[in-house]
Structures are given as C-alpha cells and as structure tokens.
C-alpha cells in the first residue's frame, strides 16, 4: 500500500465507521462458526496495525502474524502477539501449522492469489482447520481507491467459491456485506470514475456521520449471523480444510 494509506489505517482503525463495521461483521461470522470455549492457534496474514487482534484474543491459544511493513511491526510489538514474521507472503511463511488462519482485506493485494491459497491449504492449515477472509467485491467497481491501496483485483462470491473449491476447501460459507450502503457507494464510485477524480473511499468522517454510518453494519451483522447477503461492496468467507 501507499504510505498515506498505511497512515490512515494506523490513525483510524479503532474509530472509523468502516473499520468498526467490518469488525462487527467478522465477529458475527466468528460467533456463528467457531466453537464456544475452544482456543485456537491462529495466524493472521497481513496484520497491518493489528485492528483485529483484540477480537482474535477472545479465541486464541496463540496468535502469530505475518506483516512486512516495518512501522506496523513496531506497532504490533505492543499487542501481545506470540510471533511476528516480517515476511512477504506467499514468498515466505512460517514452518508450522495452525487451527485458524485469517486474512482481512489482504488477498486482493497478492498477485498470485491461487498460489497463496494453496500454500495456506497445504502448508499452513491443520486438517479441519478454518480459514476466514474478507475481500472487496466486483471488479467493475475497481477505481483509484483500489490503485492507491495496491489491489490487483476485486471478487465475486462465485469466483471465490470456485477458487476455494478447486484448491480443496470444503464447508464454504460466503456472504456479501456493506449491503445497505451499496447503492450510495456505487453512485459515489460511478461519479468519481466519470469525473476521473483521484479520490479514495476512506476519508476522515465527522463524528456524528461516523456513528450513523456504523449502524448498517450492526444490522447486517445480525442478518449474517443466520443468512448470507446477496450483494454488497465486500465479501466475507469461512472455509475449512
């Protein structure tokens, strides 16, 4: 990612509506599929500044992370993580296996996504282990926002399902999210593209508006705890080995 994108994440990951909303969605899916009172050996690939570490702590036996960005590594050292691997994945990865692997808005940054998922399946995930990931949706929404965040692609549910199935993953659950805000977001993206503006989706938001924009994610989290949503700006996945 560009340095400014990293800085935005660092400064807003606990306060911005989008990060808080995504965390609520992830927590809902965790609660749906993870066994109560079980502790997992977890690997987070592309941990960034550790936005999800306090959530993962509820389910962990240990947490290891892969994160190559030096400033983020320094930040992660204060979060009680067991091992921080400064690797560029999938070129390098730990020589051990985990019960649970998570990638939150990371797969779209990896040029060889199929290779990365194969390594996760064959080299990093234990038998019956669980993979969770989130990605942006719909390649037709690819924009300057994706460029500045160094995305290679966006996905559809069908593309992800086929990719994971081909590798060998089973019991795959996939849902879109950011569904309620989808019409507004698409309209904004289309205007930005039409006018050829250099504008990212994520910007500082007034506190009142920030709280309003969180609400749709709380609603969607309730729905996702039982059903899959049919469209949205983002996708969340649970798959098993």
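All of the numbers you see were taken from the coordinates with simple rules; none came from a lab. Because the structure is predicted, anything quoted here is derived from the model rather than measured. Neighbour counts are summed over all protein chains in view; Cβ atoms, including those assigned to glycine, are modelled from backbone coordinates with ideal geometry.
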Inset, instruction - Calculate for the chain the 222 nm mean residue ellipticity that helices alone would give, adding -39,500 (n - 2.57) per DSSP H run of length 4 or more and normalising by residue count, nearest 500 deg cm²/dmol. - result: -11500 deg cm²/dmol
Legend entry - Tilt relative to the chain, helix 207-224 - C-alpha long axis, 0 to 90 degrees, to 10: 50 degrees
Inset, instruction - Express in nm, to one decimal, how much length is gained between residue 11 and residue 33 on full extension, taking 0.36 nm for each residue of separation and deducting their alpha carbon distance. - result: 4.8 nm
Inset, instruction - Along Cα→Cβ, 7 Å out, is where each label goes; now give me the distance between the ones at residue 71 and residue 219 in nm to one decimal. - result: 3.6 nm
Inset, instruction - May I ask for the equivalent-ellipsoid semi-axes of the stretch 3-240, computed as the square root of five times each C-alpha gyration tensor eigenvalue and listed largest first in whole Å? - result: 26, 20, 19
Legend entry - Residues 18, 140, sorted so that the one with the fewest Cβ neighbours within 10 Å comes first: 140, 18
Inset, instruction - With label points built 7 Å along Cα→Cβ from the Cα atoms of residue 173 and residue 188, find their separation and express it in nm. - result: 2.8 nm
Inset, instruction - Sort 176, 14, 217, 161 so that the residue with the fewest other Cβ atoms within 10 Å of its own Cβ comes first and the one with the most comes last. - result: 14, 161, 176, 217
Legend entry - Residues of the stretch 1-45 with amide N under 16 Å of the 7 Å Cα→Cβ point at residue 206: 17
Legend entry - Peptides 50-56, 132-138, 26-32 ordered by average Cβ neighbours within 10 Å, highest first: 132-138, 50-56, 26-32
Legend entry - Residue exposure sequence - 228, 178 - by fewest surrounding Cβ within 10 Å: 228, 178
Legend entry - Taking the convex hull of Cα positions in the stretch 118-183, its mean projected area over all directions (nm²): 5.6 nm²
Legend entry - Convex hull (Cα only) mean projected area of the stretch 1-89, reported in nm² to one decimal: 5.9 nm²
